[in-house]
1. Would the range 408-420 turn up any residue that is open to solvent by less than 10 Å² (accessible area, probe 1.4 Å), of a type in the set (A, V, I, L, M) and within 25 Å of the chain's Cα centre (by Cα)?
2. Could you count how many residues in the range 295-315 are open to solvent by 10 Å² or more (accessible area, probe 1.4 Å) and touching a residue at least 12 places away in the same chain (Cβ under 8 Å)?
3. Please work out which one of (1) assigned to a helix (DSSP H, G or I); (2) touching a residue at least 60 places away in the same chain (Cβ under 8 Å) is the condition L349 fails and give its number.
4. For the range 193-217, enumerate the residues that are among the aliphatic types (A, V, I, L, M), in a helix (DSSP H, G or I) and surrounded by fewer than 24 Cβ atoms within 10 Å (Cβ to Cβ).
5. Within the range 163-182, can you find the residues that are small (G, A, S), closer than 18 Å to G297 by Cα and either open to solvent by 10 Å² or more (accessible area, probe 1.4 Å) or in contact with a His (Cβ under 9 Å, 6 or more places away or on another chain) (or both)?
6. Please go through the range 384-395 and pick out each residue that is part of a helix (DSSP H, G or I) and in contact with a helix residue (DSSP H, G or I) (Cβ under 6 Å, 6 or more places away or on another chain).
7. Suppose the filter is open to solvent by 40 Å² or more (accessible area, probe 1.4 Å) and either at pLDDT below 90 or aromatic (F, W, Y) (or both); does K157 pass it?
8. Out of the range 334-359, which residues are under 21 Å from the mean Cα position of the chain (by Cα) and farther than 19 Å from L21 by Cα?
Amino acid sequence: MTKSELFSDPQFNKKLVTLALPIALQQLMLAAVAACDAIMLGRVDQNSMSAVSLAGQIQFIQNIIFWASTGAASVLGAQYWGKGDHQTMDDIFCICLRINIINSLVFWAGCIFIPDKLMMIYTNEPELVLIGASYLRVAGWSYLLTGISETYLTVLKVTNHVSIGAVISSSAVVFNIFFNAVFIFGLLGVPAMGARGAAAATVISRVIQVIWAFTITCRPGYIRIHLRNLFRHPADIFRDFIKCALPILCSGGLWGVGFSSYTAILGHLGADAAAANSVSSVVRDLFCCLCNGTANGGSIMLGNVLGTGDTKKGKMYGQRLSKIAVIIGLATCGLVLAVTPLVLWFYILTPGAEQLLLQMMIILAFYMIGRCINTIVINGVFYSGGDILFDAYSLAVCMWGIAIPAALLGAFVFHWPVPLVFACTCLDEIGKLPWVYAHYKKYKWVRDLTRQRT
């Protein structure tokens, strides 16, 4: 496929942009919350910034289960939306909401009752544990609401209301940033609360998000979740849901725990290493938004097409997405290198942390090429047809078989310099590239997952 052919279909291009850009904006605004927490707390002191970054790993683990449930709802929902079966979509989203409520209750209880134990997973610095535990005791209340909001935002995304979903998420982030400033620095007559203020801002913004998303889906023209069916159990759809959710949970668990392991490894190499890694993580999450949005939008597009049974068109769309993935990967690499001087100027770090951050940013830029390509092809193309297990296999081999052992050995056995240990944590995405391409050419992802139901 030539460059002119790649961009010659206005219908494809328009729909991809219509889906991908709002989702990318939604992802960007969510990442902006972490960035603003880091920026504002970095202006208070380095330990507050590092502690909140480490505490955020708890919600990262929670999100793995949300990714599994909302991911399964997106994969199946997109195909049934393409088919026009709204009753089955209601069954799918009720299953998703039920699982997410249980997940929220578990993590809320952990953050409220044993926050110090959770913090000690990621750091042995007493000051970081103390600050992080105070943050989690407040932030835990937002974790109680996250599952509900994520389910309703998934409904909006799958049913072609992705723009309003992006508006809701973006507005909640704006509220979060505003209340961050008020509570962290003590503006408008409110006492300065530091890390606990960041947690309070998160709770308020989450409440706004849940109420808004629920209210929108009750309006005419929107697909709503009928709560009377919350405990309805259609066995056939539940089996299909679990067949999609378990591989996503497995791959999400391998990926999420692996990333948390990277954070824990670098967090045990000193306060400077923890601070530099916290900043690089914020940059990485911000620049992953475009590839995440393209992957989500592409998955919905392909799912709609595959749900109609048009596998030839689905294969053509998959080919176009894989080419776009390469373009986005190279562009992101250049952008990370371009913003590195600005990042170094903006953050208040010790000289040692600043030097480490410079080296990490250069490594991160080239890592982003592999990350963008793999995200769009695996989470966009493969997931659209339910070809999800490959993601788990590739993570087990490349992350757990190569990157994590290399980082552990480098950090605690060979005592390599921090940037070299950080480079080890980036090996997985580069190592997956040939394998991803070979699997793509097998076309196992070209599948219609829908059922004929009465």
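The values are calculated or read from the model by the stated rules, or taken from the named source; none is laboratory data. Just so you know, these numbers come straight off a predicted model, no measurement behind them. A quick note on method: Cβ atoms are made from the backbone with ideal geometry, for glycine too, and the neighbour counts reach across all protein chains shown. Side chains included, ligands, DNA and RNA excluded: accessible areas come from the protein's heavy atoms. Shrake-Rupley method; radii C 1.70, N 1.55, O 1.52, S 1.80 Å.
1. So far as the range 408-420 goes, no, none of its residues is open to solvent by less than 10 Å² (accessible area, probe 1.4 Å), of a type in the set (A, V, I, L, M) and within 25 Å of the chain's Cα centre (by Cα).
2. Here is the first cut: in the range 295-315, the residues open to solvent by 10 Å² or more (accessible area, probe 1.4 Å) are 296, 299, 304-305, 308-313, 315.
Okay, now just the ones that are also touching a residue at least 12 places away in the same chain (Cβ under 8 Å), so 296, 299, 304-305, 308-309, 311, 315.
The number of residues fulfilling the criteria is 8.
3. (1)
4. Step one: list which residues in the range 193-217 are among the aliphatic types (A, V, I, L, M), which gives 193, 195, 198-201, 203-204, 207-208, 210-211, 213, 216.
When the remaining residues are screened for being in a helix (DSSP H, G or I), the result is 195, 198-201, 203-204, 207-208, 210-211, 213, 216.
Listed by number, the residues that qualify are A200, V203, I204, V207, I208, V210, I211, A213, I216.
5. The initial filter retains those residues of the range 163-182 that are small (G, A, S), namely 163, 165-166, 169-172, 181.
The next check asks that each one be closer than 18 Å to G297 by Cα; those that pass are 163, 165-166, 169-170.
Result: S163, S170.
6. Once the filter is applied, which keeps residues that are part of a helix (DSSP H, G or I) and in contact with a helix residue (DSSP H, G or I) (Cβ under 6 Å, 6 or more places away or on another chain), the range 384-395 yields S384, L389, F390, D391, A392, S394, L395.
7. Numbers: open to solvent by 40 Å² or more (accessible area, probe 1.4 Å): no; either at pLDDT below 90 or aromatic (F, W, Y) (or both): yes.
When the stated conditions are applied, K157 does not pass them.
8. As a first pass, look at the range 334-359 and keep what is under 21 Å from the mean Cα position of the chain (by Cα): 335-336.
Result: V336, single match.
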